[in-house]
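The structure appears below as C-alpha cells.
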Amino acid sequence: MPLANTAQHYGSLTKTFHWLTAALIITLIPLGIIANQLPYDTSEQLARKAFLFSLHKTLGVTVFFVALARIAWAISQPKPAELHPDRKLETLAAQTVHWLLYGSLLLVPLSGWIHHAATTGFAPIWWPFGQNLPFVPKDDALAHTFASLHIIFERVLAASLILHIAGALKHHFVDKDQTLRRMIGTPQLPDLPPHQSKAAAPALALGAWAAALVIGAGLGLFAAKDTVAAVPQLEETSSGWEIVAESSRIAIAITQFGATVEGEFAEWTTQIDYDRNAPADAKGTVRTTIAIPSLTLGSVTDQAMGPDYFNTPEFPTAVFEADISEGGASHIATGTLTIKDNSVPLTMPFDLGFEGDTAFMSTTLTLDRRDFGIGDNMTDETSLAYPVTVTINIEANPTAP
C-alpha cells in the first residue's frame, strides 16, 4: 500500500492518521464525562478522579499534535476524488463536516490546554515539559472562559463526529459504495473527475462554530461562577492601628498532587493594640477575624468551602487572638487560632519594622490542616499535603488619639 495519497485512494499514512485520531477521540470524550462525574470526597476518590483527568489531558495534548501533523500531511497530499460528485448538496455537507472535524481537533484540545495552563490547582499533564503555556497567566476568569470554550467546541466535535459516522454508514449500508472501504483498503474504483473543494464549506463551518458560541453564551456558560457561600459582613473594629489595605495581605499555599496552589483572603479585619515603647514582654494584643468565603484558591476554591474542608456555611470565619511580645531580633504573637471551632495554640514569630510612624509586619508560618479538621478524608499526602503555608504582610499606621 503506497504511503502517499493518489487521485483515487488514500495512502497508508492518511489512513493511520484517520484511525489513530478516531481511537483517541472515542476514548477522550467518555473519559472526560466520567472524570467530571466522579466524586472526590476521599483521598482514594480524588486520586481516581485526578488520574482520569490527567489521562484525559495527556491524550488531549496528544490529539492536538496528531491533528497538526495530520493537517500538515493533508495539505501536502492530493485529495482523492468524491465517489458521487454529482450529489452537490451531499458533497457540500461532507466537506463542511470535514472542516468542522479538522478545526475541532485543534480547538478542543487547545482550549482545554489553555484552561489547564491558566488554572491554579489541577491534575497534571503527564509529560516533562511543564504545565504552563507562554503568554497564558494564572487567572481564574481566563480559566473559566476557556473551560466554557472547551465544552462548546467539544459539543461541536461530538456532533461532527456523529454526522461523519452516520455518513460513512449511509454510504456503506444504503449506497453500498466504496467510501468506507477506501479508508480501510484499496478497492477497485471507476475513473473519477478530480476532487473539487466547495468554497462554501469552510464558511458554513465557521457559521456553525459561531452559532455554537452564541448558544453557549445564551446558556450562561461564560457567566461568572457563583460562590459556595456568601462572604460574611465583618464587624467594624476600633484599633490603635489602621491597616493599609492595598499593601496588606493574608495568603495561603497548599500542595495538591505535588503542585503548589496559592490563594488569598480578600476580607479580614484586625484589631491591633501595640506600643513600641512598652516592656519587651507586653507590647500589646492582636485580634484578626478572617472571612473564609472570601478566599480564592484557584480551581479548588469551591471544594475548599465544602463540608469536608472549611465548611463555610457553618463556620464562615476564622479568628486569631494573641499577645504580642518582643523576643530578640523579632516579635512574637502568642495565642490561639480558631477554625471550624477548633482552637489551636499558636506561637507566631514575625518581623516588624518602621519607616517613620508606619509599621511593616511580615511572617510566614506552616500549619497542619489536620489540627483544624480540614480535609480529614484526605489521608494521602500525594493528593493533598498536610502542611499549609500562611504568608502575612501588613502595613499599618497609628490612628489618631
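Can you give the net charge of the other residues whose Cβ lies under 12 Å from the Cβ of Ser362, counting K and R as +1 and D and E as -1?
Net charge around Ser362: -1.
Report, in degrees rounded to the nearest 10, the 0 to 90 angle that the Cα long axis of helix 200-218 makes with the longest principal axis of the chain.
With rounding to tens, the tilt is 30 degrees.
How big is the gap, in Å, between the Cα center of segment 240-305 and the Cα center of segment 3-66?
Centre-to-centre (Cα) distance: 42 Å.
So what's the back-of-envelope 222 nm ellipticity for the chain, counting only DSSP H runs of four-plus at -39500 (n - 2.57) apiece and dividing by all residues, rounded to 500?
The helix-only estimate for the chain comes to -13000 deg cm²/dmol at 222 nm.
At 0.692 mPa s and 37 °C, plugging the Kirkwood radius over alpha-carbon pairs of the chain into Stokes-Einstein gives what diffusion coefficient in µm²/s?
Using the Kirkwood radius from Cα pairs, D works out to 129 µm²/s.
For a 22 Å ceiling on Cα separation, which of these pairs sit above it: Lys283/Lys340; Lys57/Lys138; Lys15/Lys170; Lys57/Lys170; Lys15/Lys57?
Those over the limit are Lys283/Lys340; Lys57/Lys170; Lys15/Lys57.
From Cα pairs below 8 angstrom and at least 6 apart in sequence, can you work out the relative contact order of the chain, rounded to a whole percent?
Averaging sequence separation for qualifying contacts and normalising by length gives 14 percent for the chain.
Which three semi-axes in whole Å describe the equivalent ellipsoid of segment 241-398, each the square root of 5 times a Cα gyration tensor eigenvalue, listed largest first?
29, 16, 15
To the nearest 10 degrees, how steep is helix 88-118 against the longest Cα principal axis of the chain, on a 0 to 90 scale?
On a 0 to 90 degree scale, this one is about 20.
Quick one: angle between helix 43-76 and the longest Cα principal axis of the chain, in degrees between 0 and 90, rounded to 10, please.
40
Defining a contact as two alpha carbons under 8 Å apart and six or more residues distant in sequence, what relative contact order in percent does segment 241-398 show?
27
Based on other C-beta atoms within 10 Å, arrange Asp41, Asp191 from fewest to most.
Asp191, Asp41
What Kirkwood hydrodynamic radius do you get for segment 12-218 when you take the inverse of the mean 1/r over all pairs of distinct Cα atoms, in Å?
Computed over segment 12-218, the radius equals 18.9 Å.
Mind sorting Glu321, Glu381 by how few other Cβ atoms lie within 10 Å of their own Cβ, fewest first?
Going from least to most buried by this count: Glu381, Glu321.
Suppose a student asked you for the relative contact order of segment 12-218, using Cα pairs under 8 Å spaced at least 6 residues apart; what percent would you report?
After rounding, I find 23 percent.
Quote the charge dipole size of the chain about the Cα centre in Debye, to the nearest 20; the model charges only the Cβ of Lys and Arg (+1) and of Asp and Glu (-1).
3140
Taken together, the values in this text are just the output of simple stated rules run on the coordinates, not laboratory data. All values reported here derive from a predicted model rather than from experimental measurement. So basically every Cβ, Gly included, is an ideal-geometry build from the backbone, and we count neighbours across all protein chains shown.
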